[in-house]
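The values are calculated or read from the model by the stated rules, or taken from the named source; none is laboratory data. All values derive from a computational prediction rather than experimental measurement. For neighbour counting, all protein chains shown are included, and Cβ atoms are generated from backbone atoms with ideal geometry for every residue, glycine included. Please note that ligands, DNA and RNA were not included when accessible areas were found on the heavy atoms of the full protein model with its side chains. Shrake-Rupley method; radii C 1.70, N 1.55, O 1.52, S 1.80 Å.
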Amino acid sequence: MCGICGFVGALGTDVLEKMTIALGHRGPDDMGLFLSDREKVGLGHTRLSILDLSDAGHQPMCTEPGPVSLTFNGEIYNFLELREELEKEGVMFRSHTDTEVVLHAYVRWGNGFVKKLNGIFAFALFDGRRGKLLLARDPVGVKPLYYFQGPGAFVFGSEIKAILASGACPRDINWQACYDYFTYLFVPGPATAFKNVFQVPPAHFLEYNLRSRSFTLERYWRPDGNGLRCGASNAADFASSKEHLRTQFAAIVRRQMISDAPLGMFLSGGIDSQIIAGLMAKASGRQVKTFTVVFRGKEFASYDESRDARLIALKIGAEHREIDVSVPDPAEMLDLVKYFDQPFGNPTFYLMYLMSKSVRSEIKVALCGAGGDELFAGYPRYKALRWSKRLDWIPEACWKAAGHVLGAIPSMNYDRSLRRARKFLAGMQGDLAERYLRWTYFFDEDRKKGLFADCGAGLRPRASAYVVREILERSSLGDVGNRILHVDVETFLADNVLEYTDKMSMASGLEVRVPYLDADLVAWSLGLPFKFKLNGRGESKVLLKEAFGDLLLKATRRLPKRGFNAPLAFWVRDHLAAYFDEVMTQEVVRREGIFRWEPIDQMRTAHRLGRADYSHELFSIIMFDAWYRNYILGGQTAWRSA
């Protein structure tokens, strides 16, 4: 994995170097620059060497003669097959890298070559002959890519910080995106927290015309589309789907184990990572290295999966190591906003950072189980959807009354089951998009409006459900359960799970691969009947469990989902609550005029006394404030709790 950046415009070598240096953490092994004085095009690259560790993999990489230049981030898992195809057409290669395959594939096949790639990637390709710059991003959005179009320059980068380093982009706040952040705990793409800075959406390429100084965006793949190279028809029976999944996923894991650098995996006690660990052990000729987080103490017992991870590591004969993350460092946690460049409120990012930092001395590549829940209905909200269909005959007034009763019950020791019950009742009101938001996230529209002051910007935001509604309306999937999975793939997965996975692993110079997010597998699984994923008894991931039962611990099928979650309620109470006394005080809040102090104070009091769990709401406010101080006010948070 690497960092890429560049521009079109008269910005010069010094600016290009600043942009590239800003991405140094993503590629600590090498750095390179390319500048075309005639077209005013610059490309920058920082390299994390994974395939062909020699200097032959230096980037930006150019054809000979050099009208085409490439800066590339990612891994192409089918690059050997593509290389063989190109060699049959007479192409001569100078390296053993997948980057050179991408370069020659474009020269031979044009923009359409992107559809041939199986992998995770973001790249920029400058073609001087055709007068264009081509940006592209992988189908599911594993690798990030951002851009800014201003009056004097077009600028892009793997992270927003590279764009800001160019000096061409003002730090103006996108208030609608920030308003949406407080619903989702992340900024839904393609928007960002900065005006006129956008993501290149997953499964798109952006073609910039150097003559007209304009660009077009084109989608080349859809998660609900028909690109089922995986085989097996959508309407396949359960038995054939089980066999197909077994065969294809084993092949995907083998393909993603290709590396010239040390490799391991992040192992939890859950189904998704157990399956990957078992398949890695079968495919590998050596002992698999596995790593898991540990939470010590009785109050953290519901978060700790180390016992099951230990058992599965023993079962496959892995070299296993545990990483204790029980006590957070609040200053370190808040400082990590510098890798996101915008507000990010899912505390799991801190676990991913601690894992990545800890294992980097032993491995350079890690596989993880991200995506299994979104493809095979692993989250509680999918069960809520099923129950809601059966209970829709009950009037909304009854649900509201029941919600008031549950709301009056104290949340003893931050009971997660009570919070889920409250969320389920709240979600029995409104249309499908509103229900999904209440089951999945935290701040509703009324509470957000109560939180925000005027911001001095005349904030008149659009209700954040529009993000979900737009996907539901364009999804071609017939089953409502699969349409919700589609929503999760394009939002919760792309802008949340993959966001923290990329940013926190690359902060330590570690590459993380995600076998469940093979594009063909994603499209195939979304097309399967929803009952193959969640059955009538409320059992989730049915197809996965049946296909890989021999790789799972016997007790796994009966265990409730825990997930890769941080004990945030305790962290906020014991380590982060003082932030509102020392940094984001009542005086500061009122002076800045973004938020109202009263709802913040009410939530922190209720949380401290154990009346309710407001940890996610309070943490999202803290992380926004940390971002605002660093990126808008231009200072450091510089805070340590007692």
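Once you order the gyration tensor axes a ≥ b ≥ c over the Cα atoms, which shape class does segment 1-131 get: rounded for a/c under 1.5, otherwise prolate or oblate by comparing a/b with b/c? Show your work: numbers first, answer last.
On the way: a/c = 1.97, a/b = 1.32, b/c = 1.49.
Note, shape of segment 1-131 comes out oblate.
Report the FRET efficiency, 1/(1 + (r/R0)^6), for Ala283 and Arg596, where r is their Cβ-Cβ distance and R0 is 45 Å, rounded to 0.05.
Plugging the Cβ-Cβ distance into 1/(1 + (r/R0)^6) gives 0.20.
Give the calculated FRET efficiency between Arg474 and Trp387 to the nearest 0.05, with a Förster radius of 30 Å applied to their Cβ-Cβ distance.
Between Arg474 and Trp387 the formula returns 0.70.
If I model a spin label at Arg307 and Asn78 as a point 7 Å from the Cα along the Cα→Cβ vector, what separation in nanometres do I get?
4.4 nm
Can you figure out the FRET efficiency of Asp29 with Glu362, using R₀ = 25 Å and their beta-carbon distance, to the nearest 0.05?
E(calc), rounded to 0.05, equals 0.90.
Positive end of the charge dipole of the chain (Lys, Arg +1 and Asp, Glu -1 on Cβ, about the Cα centre): tell me which of Met61, Ala318, Leu86 has its Cα farthest that way.
Ala318
Could you provide, to the nearest whole Å², the per residue accessible area of the chain with probe 1.4 Å?
With the other protein chains kept in place, the chain gives 38 Å² per residue.
Which of the trypsin sites (Lys or Arg not before Pro) across segment 53-121 are loop residues per DSSP, with 10 or fewer other Cβ within 10 Å?
Of the trypsin sites (Lys or Arg not before Pro), the ones in loops of segment 53-121 whose Cβ has at most 10 other Cβ atoms within 10 Å are Arg94.
May I ask which residue of Gly371, Ser476, Phe34 lies farthest towards the positive end of the charge dipole of the chain, with charges of +1 (Lys, Arg) and -1 (Asp, Glu) on Cβ and the Cα centre as origin?
Farthest along the dipole direction, towards plus: Ser476.
Keeping the other protein chains in place, figure out the carbon and sulfur percent of the accessible area of the chain, with a 1.4 Å probe.
Using a 1.4 Å probe with all protein chains present, the chain comes out at 51 percent carbon and sulfur.
Quick one: which of Lys289/Lys364; Lys115/Lys533; Lys40/Lys338 span more than 18 angstrom between C-alpha atoms? Let's see the in-between values first.
Values: Lys289/Lys364 12 Å; Lys115/Lys533 28 Å; Lys40/Lys338 29 Å.
Result: Lys115/Lys533; Lys40/Lys338 exceed 18 Å.
Where Lys and Arg each count +1 and Asp and Glu each count -1, what net charge lies around Asn209 among other residues with Cβ under 14 Å from its Cβ?
With Lys, Arg at +1 and Asp, Glu at -1, the neighbours total +2.
Contact order normalised by length for the chain, with contacts defined as Cα pairs under 8 Å and 6 or more residues apart; what percent is it? Walk me through the intermediate numbers first.
On the way: 1167 pairs, mean separation 102.6, N = 642.
Answer for the chain is 16 percent.
Which of the listed residues, Val107, Val200, Tyr220, is farthest toward the dipole's positive end in segment 105-232, when Lys, Arg count +1 and Asp, Glu count -1 at the beta-carbon?
Comparing the listed Cα positions along the dipole, Val107 ranks first.
If you place +1 on the Cβ of every Lys and Arg and -1 on the Cβ of every Asp and Glu, how big does the dipole about the Cα centre of the chain come out, in debye to the nearest 20?
The calculation lands at about 1500 debye.
For segment 432-590, give the magnitude of the charge dipole about the Cα centre (Cβ charges: +1 Lys/Arg, -1 Asp/Glu; no others), in debye to the nearest 20. If you can, show how the numbers build up before the last one.
Values: 24 positive and 23 negative charges, 153 e Å.
Once rounded to the nearest 20, the dipole reads 740 debye.
Simple spin-label model, 7 Å along Cα-to-Cβ: Arg608 to Ser240 in nm?
Roughly 6.3 nm, to one decimal.
Just tell me which lysines come within less than 23 Å, Cα to Cα, of Lys449; anything on the same chain fewer than 8 places away is out.
Answer for Lys449, where 23 Å is the Cα cut-off: Lys195, Lys400, Lys423, listed by chain and number.
Given a cut-off of under 8 Å on Cα pairs at least six residues apart, what relative contact order in percent is computed for segment 467-594? Mind dumping the intermediate values first?
Working: 43 pairs, mean separation 19.2, N = 128.
After rounding, I find 15 percent.
Among all the lysines, which ones have a C-alpha under 23 Å from Lys531's C-alpha, if same-chain residues fewer than 8 places away are not counted?
Partners within reach: Lys242, Lys383, Lys389, Lys541, Lys545, Lys554, Lys561.
Multiplying the sequence separation of Met92 and Arg296 by 0.36 nm and subtracting their Cα-Cα distance, what value in nm do you get?
Result: 67.9 nm gained on full extension.
Arranged from highest to lowest average of other beta-carbon atoms within 10 Å per residue, in what order do the peptides 605-612, 165-172, 288-295, 190-197 appear?
288-295, 190-197, 165-172, 605-612
Which order, highest average first, do 311-321, 346-356 follow once you tally other Cβ atoms within 10 Å for each residue and take the mean per peptide?
Ranking the peptides 311-321, 346-356 by packing returns 346-356, 311-321.
State to the nearest 20 debye the size of the charge dipole of segment 90-186 about its Cα centre, where the only charges are +1 on K and R beta carbons and -1 on D and E beta carbons.
Taking the Cα centre of segment 90-186 as origin, the dipole is about 400 debye.
What is the extension gain from Trp109 to Arg213, computed as 0.36 nm multiplied by their sequence separation minus the C-alpha to C-alpha distance, in nm to one decimal?
That works out to 35.0 nm of additional length.
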